[in-house]
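Below: the structure, in structure tokens.
The values are calculated or read from the model by the stated rules, or taken from the named source; none is laboratory data. Since we're looking at a predicted model, the values are computed, not measured. Cβ placement follows ideal geometry from the backbone for every residue including glycine, while neighbour counts extend to all protein chains displayed.
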Amino acid sequence: MLTRLRGALDPFIVSLMAMVALASVLPARGEFAVLADQIANAGIVLLFFLHGAKLSREAIASGAGNWRLHLAVLAMTFGVFPLLGIGIGAIPGVPPLVATGMLFLALLPSTVQSSIAFTSIAGGNVAAAVCSASFSNLIGMVLTPLLAALLIGSASGGGAGPWGVDLAAVEKILAQLLLPFVAGHLLRPWIGDFVGRNRRLTVLVDRGSILLVVYTAFGAAVVEGLWGQLPLTSLALIVALCCLLLGVVLALTWLWGRAFDRPDAIVLLFCGSKKSLASGVPIARVLFPAAQVGALILPLMLFHQIQLIACAVIARALARGAQVAPGTGSAASR
């Protein structure tokens, strides 16, 4: 078990935690902070441009017909998850700062790469996973800001409180994230091959931009007294709430999956239970003031690692189960 957990530990998460530590000791200040923010904004635009260029229309078309499955994934991602996030805020003793971070986490779209990878390992319907995860991220670029404006804004008094999200922020996210994504996808016939051949470049932009956003966000939050507002007890509470949230969602997706055949049930399990760090960090960066982003994305960073560990163990267990049961294994190959 220890070997499995060590293998599931994402080096990227280690890098994120290193950025948090660096920002806690040496936060960006003055002109350097302004420059870092500008570079982070440019990195986010380039990140979503490349995401659009990588999106394969053929892969989406091959799995688009399974509309019942895709609706189930979307219902979990943007229906059940937000309801659970609201429920967490109603638990007595949960600080408002923690509750808001957990609610923002619950509003995010599903992951893409890891959902597809775990679906493949477990013997699920990979084409449908590509389609569901891509749909989730496309819809999330519009729906997540709207839900944040409705739920987080109303929770803080209709935008009057420190966590308010107004429509101007929603328009900003559409301009800074959705338009580059659409532009990249429209240019895919000309740049798609280049992007596909230079995966290291896209990974560098992907992870580098997120690391920079995390550094600037936590640096601004530290300057505003983040760690005084989030003691160790709050961090422990966030970990416990993330484990609880993931456990409930995994159970619900597994039960709902009984309405589908095994390959599609695996898609619902992995695509419907995950939240995207790659989308969540830029969305938070655009929606909220810099000093608030660090506190908001901390639950997301912890949830991301927890979901990777849990889903890695589950995917391997499902793969072994398919090998042991020939009938199940043949179903997985359909």
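Side notes on the structure shown:
- Any chance Arg57 is among the charged types (D, E, K, R) and either farther than 17 Å from Gly184 by Cα or at pLDDT 85 or above (or both): no
- Test: residue in the stretch 83-95 that is farther than 30 Å from Pro231 by Cα, without any contact (Cβ under 8 Å) to a residue 12 or more places away in the chain and either aliphatic (A, V, I, L, M) or in a helix (DSSP H, G or I) (or both): no
- Pairs are defined by a Cβ separation below 8 Å, a sequence spacing of at least 6 or placement on different chains, a first member in the stretch 253-271 that is touching a residue at least 40 places away in the same chain (Cβ under 8 Å) and more than 16 Å from Cys131 (Cα to Cα), and a second member that is charged (D, E, K, R) and assigned to a helix (DSSP H, G or I); the pairs so defined are Phe260/Arg68.
- Near pairs, Cβ below 9 angstrom, 6+ apart or cross-chain, from the stretch 181-198 (without any contact (Cβ under 8 Å) to a residue 24 or more places away in the chain) to any residue that is assigned to a helix (DSSP H, G or I) and among the β-branched types (Val, Ile, Thr): none
- Condition check for Phe288: of a type outside the set (A, V, I, L, M), at pLDDT below 95 and in contact with a Phe, Trp or Tyr (Cβ under 9 Å, 6 or more places away or on another chain): yes
- Within the stretch 222-239, restricting attention to residues that are of a type in the set (Gly, Ala, Ser) and loosely packed, with under 11 Cβ neighbours inside 10 Å, the residue that is farthest from Val25 (Cα to Cα) is Ala236.
- Qualifying residue in the stretch 189-199 (condition: basic (Lys, Arg), surrounded by 16 or more Cβ atoms within 10 Å (Cβ to Cβ) and either in contact with a Phe, Trp or Tyr (Cβ under 7 Å, 6 or more places away or on another chain) or under 30 Å from Leu50 (Cα atoms) (or both)): no
- Check on Ile86, at pLDDT 95 or above, over 30 Å from Arg262 (Cα atoms) and aliphatic (A, V, I, L, M): yes
- When Thr216, Thr202 are checked against the criterion of being surrounded by 12 or more Cβ atoms within 10 Å (Cβ to Cβ) and modelled with pLDDT under 85, a single residue qualifies: Thr202.
- Selection count where residues are within 28 Å of Leu300 (Cα to Cα) and of a type in the set (D, E, K, R), scope the stretch 173-218: 4
- On the stretch given as the stretch 34-56, residues that are in contact (Cβ under 8 Å) with a residue 60 or more places away in the chain, assigned to a helix (DSSP H, G or I) and out of contact with any Ser or Thr (no Cβ under 8 Å at 6 or more places or on another chain) total 8.
- Flag for Val293 being assigned to a helix (DSSP H, G or I) and at pLDDT 90 or above: no
- Among the residues of the stretch 68-108, those identified as under 14 Å from Ser136 (Cβ atoms) and aromatic (Phe, Trp, Tyr) are Phe78, Phe81.
- Scanning the stretch 142-153 turns up no residue that is assigned to a loop (DSSP other than H, G, I, E, B), crowded, with 20+ Cβ neighbours inside 10 Å and either modelled with pLDDT of 90 or more or in contact with a strand residue (DSSP E or B) (Cβ under 8 Å, 6 or more places away or on another chain) (or both).
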